[in-house]
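Enquirer: Submitted below is the structure of interest, expressed as structure tokens.
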Amino acid sequence: MLRSKIRLAARKHDLSEIAASLAPYAAQQATGQGRRYPEPPPAYRSEYQRDRDRIIHSTAFRRLVYKTQVFVNHEGDLYRTRLTHSLEVAQIARTAAVALRLNEPLVEAISLAHDLGHTPFGHAGQDALNKCMRDYGGFEHNLQSLRVVDELESKYAEFPGLNLSFETREGILKHCSARNARELGALGNRFLLRRQPGLEAQLVDVADAIAYNNHDVDDGFRAGLLGLEQLRDQALFGRHYDEVHARYPALEDRRLIYEVIRRMIGYIVTDLIENTAAAIGELGLQSIDDVRIHGKPLVGFSADVLDMHAGLKAFLHENLYRHEKVRSMNEKTRAMVEVLFGFYMADPKRMPGWYRDRAVANMQSRARTVADYISGMTDRFAIAEYDRLGL
Ligand code: MG
């Protein structure tokens, strides 16, 4: 008796109910391009919620907590890591997705997966690994994120990888060379045909930039690498600084900075939502395919905000990412990745079994496997391994 009551009280996932709340040009499960290995639909979740859940349960997702965004993991506990960055991207993208009546779980899944292929030590690690892989097809973190969810997360009985939906994989693969695109079948086609991904994928791409531009101001200030005076010269920061300072003249710097950042995020996300809604509204799009064949991305800022946002990005490049302190750390970690790569190429038996077994066929597959192994490392694991091996 009790059992049947519980069963009646549980709500099954209702496709038509969800579809009715979405815009016609949003990604829809019913018209989606499905999974590489067909599976029965889940009862209580949408397909995109299932994708999100598989990503959260993946090993690569757990590793993000010990991977660098800008500051190496051991430099301090308060800086962003890839994990907190991914959560901030998801927060921003979900807010905009709901406002634009796009598919929120899909946006969340793409956000949480978008950095899964990142190496340890941020861009320095990726540059080093790409250099090591020069003769073996190169290394690109974006393509690696796809490789992680398609192949390297090997845990399900019936298929390799996480077997995610096409739309989630489409969002993960933000860019791709023509050479690599040719090997990716349907997923690579858009790069060859110069088409766009769905709006959910476009949205996460912009949310990624919003998240790091803003949190890097916070982290850079916290680290003492960016000063208030410099930041005030930036249009986006400066206008919000003036507002906050006029209203709260006695506010201490730490709170003031945070108040400015929260206003900057609110301001640009609002602009993004309104500008995108206006761009979409003019076109009368009827489906996600209309989005895909449109000549350019539709998710974006107004011209003014685009300018200010690009200005802040350029400022961070010049003053934070190329700061002497960041650069000297980057040089150390870059060298570490190169030495680790050379070591495992010479002696692949020193890798754990799963990688060791895959590194036997030829130098090409050995190099790819070594790159898979190293790119999966967290910052602290790579440092510990480097020390342990006496390199
Ligand atoms: Mg990112």
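The values are calculated or read from the model by the stated rules, or taken from the named source; none is laboratory data. Everything numeric in this text was worked out from a predicted model, so none of it was measured. Note that each Cβ is placed from the backbone with ideal geometry, even for glycine, and that neighbours are counted across all protein chains shown. Keep in mind that these areas ignore ligands, DNA and RNA; they rest on the heavy atoms of the full protein, side chains included. Shrake-Rupley method; radii C 1.70, N 1.55, O 1.52, S 1.80 Å.
Enquirer: State all residues of the range 345-359 that are part of a helix (DSSP H, G or I) and under 28 Å from the mean Cα position of the chain (by Cα); if no residue qualifies, say none.
Expert: Within the range 345-359, W354, Y355, R358 meet the criteria.
Enquirer: Among residues belonging to the range 157-178 that are open to solvent by less than 10 Å² (accessible area, probe 1.4 Å) and within 13 Å of the ligand (Cβ to nearest atom), point out the one that is farthest from P24 (Cα to Cα).
Expert: I172
Enquirer: Here is a follow-up. What pairs come up if the first residue lies in the range 92-107 and is acidic (D, E), the second is open to solvent by 30 Å² or more (accessible area, probe 1.4 Å), and their beta carbons are under 6 Å apart, counting only those six or more places apart or on different chains?
Expert: Listed pairs, sorted by first residue: E104/R94; E104/V98.
Enquirer: Which residue is nearest to C132 (Cα to Cα), if the candidates are limited to the range 369-381 and must be crowded, with 19+ Cβ neighbours inside 10 Å and over 21 Å from the mean Cα position of the chain (by Cα)?
Expert: The selected residue is V370.
Enquirer: Let me ask something additional. Consider only pairs whose beta carbons are under 7 Å apart and that are at least six residues apart or on different chains; among these, list those whose first residue lies in the range 257-269 and is in contact (Cβ under 8 Å) with a residue 24 or more places away in the chain and whose second residue is open to solvent by 60 Å² or more (accessible area, probe 1.4 Å) and among the polar types (S, T, N, Q).
Expert: Short answer, once both residue conditions are applied: V269/T95.
Enquirer: Something else about it: Can you tell which of A19, A27 is at pLDDT 95 or above, within 25 Å of E274 (Cα to Cα) and over 18 Å from the mean Cα position of the chain (by Cα)?
Expert: A27
Yes/no matrix, rows are residues, columns are (1) in contact (Cβ under 8 Å) with a residue 60 or more places away in the chain; (2) more than 29 Å from R380 (Cβ to Cβ); (3) within 21 Å of the chain's Cα centre (by Cα):
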residue	(1), (2), (3)
G117	yes, no, yes
K131	yes, no, no
R147	yes, no, yes
A157	no, yes, no
P160	no, no, no
F166	yes, yes, yes
C176	no, yes, yes
N180	no, yes, yes
G185	no, yes, no
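Enquirer: Of the conditions (1) more than 27 Å from A209 (Cβ to Cβ); (2) of a type outside the set (F, W, Y); (3) at pLDDT below 95, E47 clears all except one; give me its number.
Expert: (3) is the only condition that E47 fails.
Enquirer: Under the condition of being within 13 Å of the ligand (Cβ to nearest atom) and small (G, A, S), which residue from the range 198-218 is farthest from Y79 (Cα to Cα)?
Expert: Among them, the one singled out is A207.
Enquirer: Quickly run through the range 250-287 and pick out the residues that are assigned to a helix (DSSP H, G or I) and open to solvent by less than 20 Å² (accessible area, probe 1.4 Å).
Expert: Those that are assigned to a helix (DSSP H, G or I) and open to solvent by less than 20 Å² (accessible area, probe 1.4 Å): L256, I257, V260, I261, M264, I268, V269, L272, T276, I280.
Enquirer: If I filter the range 179-211 down to residues being open to solvent by 50 Å² or more (accessible area, probe 1.4 Å) and outside any loop (DSSP other than H, G, I, E, B), which single residue comes out as nearest to S145 (Cα to Cα)?
Expert: Ranking the candidates gives D205 first.
Enquirer: Ok, one more. Out of the range 219-266, which residues are within 13 Å of H309 (Cα to Cα) and within 16 Å of the ligand (Cβ to nearest atom)?
Expert: Correct list: I265 only.
Enquirer: I would also like to ask the following. Counting only residues that are in a loop (DSSP other than H, G, I, E, B) and open to solvent by 10 Å² or more (accessible area, probe 1.4 Å), which one in the range 117-141 is farthest from the ligand (Cβ to nearest atom)?
Expert: The extreme case among them is G137.
Enquirer: With the checklist (1) more than 16 Å from the ligand (Cβ to nearest atom); (2) of a type in the set (V, I, T); (3) closer than 28 Å to T369 by Cβ in hand, flag the one item V149 doesn't pass.
Expert: (1)
Enquirer: Let me ask something else. Can you confirm whether A97 is of a type in the set (A, V, I, L, M), farther than 26 Å from E167 by Cα, more than 13 Å from the ligand (Cβ to nearest atom) and surrounded by 24 or more Cβ atoms within 10 Å (Cβ to Cβ)?
Expert: no
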